[in-house]
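Structure record follows, encoded as structure tokens.
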Amino acid sequence: MRSFRISVLVAISSICSPAALIAQTEQPVKDNLQYTLQVPYPVQQITGVTRSSVKKKRVKNVILMIGDGMGLSQVSAAWIANRGQLYLEQFTHTGLSKTTAANKLITDSGAGATAMASGQKTIYHAVGVDTAGRDLATLTDIARQKGLATGIVVACSLTDATPASFAANNIDREEEEEIATDFLESQVDILFGGGRRYFNRRKDQRNLLQELTDKGYEVLSSTADFLNSRQSKIFAVVENGQLETAPKRGPVFQEASIHTLNLLKAQQKGFFALLEGSRIDDMGHMNNLPGVVEEVLDFDQTIGRVLKWAAADGETLVIVTADHETGGLTLLDGELTTGRVSGKFSTGGHSGVMVPVYAWGPGAENFTGIYENTALFNKISALLKLK
Ligand SMILES: [Zn+2]
């Protein structure tokens, strides 16, 4: 009976849109949910970087990887499912980030990402603006002004809160058509994600994809075209809305992330890249434990590929963190030998716990300790000498 009820719950959550479920956030799932990963992936030891060797190297590139809604419970669930191993365990330095918004204890992706992007706490649902609504300079803006290349790769719409906090300025994250127009000015070199409809099916009838082409971007609409392109300015919007969930989209996020790093490195001036595992959060809102684990496992495999890339490069700092935890996930049972995880959510919204920060590569030693999410901006800009 229990397993029947669980499968019904999962089936219901997978057919509802995230927006519909976010609206009904008051009723968390009461029963324990279960997930078993059938085929675990091997985690290879990344060689070449140790705690002591990284201190001597300069930081030429920074890769910031945000797992949206990825708290320690989400990481632990994925760790159990993959039989007790994750690439995340190879990070040499860890810290804890405090996520509160300026006007609310429990933050959202807008205020959370804006803090990391700009070094300023802002109000709930704002992206790239301060508490008075004034535009903030973000890591991508400042990096570009200092002559670095920049890139953004997400599994959601490019107009969604996390990428918008780095590339746009709006007091309301819901204004996605307004946010889309900001990409004409952001001058981020390489962008990959979804949300095409906010660019070419707009109330004002503008075709921003044509305007982006006129601004010098190669505008692409498929992942295959993106992976084949060698241009230095690319705007790839590969879905009308978000990208599919991890089992359906395959290794798209992993491959787009690595291709972006190669394109940015080819510009030879150092770079800042934001890679977001966007859909961990959606699965948390849906209280969909299998979905959460599958998204974290895709993110961890991306992390493994990024670490291998960074180890070969030698001058790249990799930081993995989250904007907040989603779902109030508690792990109640499981088995490392079979990859079975059992857990329960306490909310359909976000929770207020600190989130982990993992750092690897030159400069990683600066990320230990307990600090506000705004400190991530200060640490990254100091290491890239942006100030
Ligand atoms: Zn969320």
> From the set of residues in segment 240-289 that are of a type in the set (Ser, Thr, Tyr) and open to solvent by less than 10 Å² (accessible area, probe 1.4 Å), which is farthest from the ligand (Cβ to nearest atom)?
Replying inline: THR260
> What are the residues in segment 357-367 that are open to solvent by 10 Å² or more (accessible area, probe 1.4 Å) and in contact with a Ser or Thr (Cβ under 7 Å, 6 or more places away or on another chain), if any?
Replying inline: TYR358
>> I'm trying to understand the selection: among the residues of segment 330-356, which are loosely packed, with under 15 Cβ neighbours inside 10 Å and within 12 Å of SER73 (Cβ to Cβ)?
In response: THR330, LEU332, SER346
> What are the residues in segment 156-178 that are without any contact (Cβ under 8 Å) to a residue 60 or more places away in the chain and either under 17 Å from ILE123 (Cα atoms) or aromatic (Phe, Trp, Tyr) (or both), if any?
Replying inline: ALA161, ALA164, SER165, ALA168, ASN169, ASN170, ILE171, ASP172, GLU174, GLU175
>> What are the pairs with Cβ atoms under 7 angstrom where one residue, in segment 210-237, is in contact (Cβ under 8 Å) with a residue 24 or more places away in the chain and among the charged types (D, E, K, R) and the other, located anywhere, is open to solvent by 60 Å² or more (accessible area, probe 1.4 Å) and part of a loop (DSSP other than H, G, I, E, B)? Sequence gap at least six, or different chains.
In response: none
>> Going through GLY343, GLY327, GLY339 one at a time, which residue ends up being within 16 Å of the ligand (Cβ to nearest atom) and either touching a Pro at 6+ places or on another chain (Cβ under 9 Å) or over 21 Å from LYS98 (Cα atoms) (or both)?
In response: GLY327
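The values are calculated or read from the model by the stated rules, or taken from the named source; none is laboratory data. Fair warning: this is a prediction, and the values are worked out from it, not measured in the lab. Every residue, glycine among them, receives a Cβ derived from its backbone with ideal geometry; neighbour counts consider all protein chains shown. Surface areas here come from the heavy atoms of the whole protein model, side chains and all, with no ligands, DNA or RNA. Shrake-Rupley method; radii C 1.70, N 1.55, O 1.52, S 1.80 Å.
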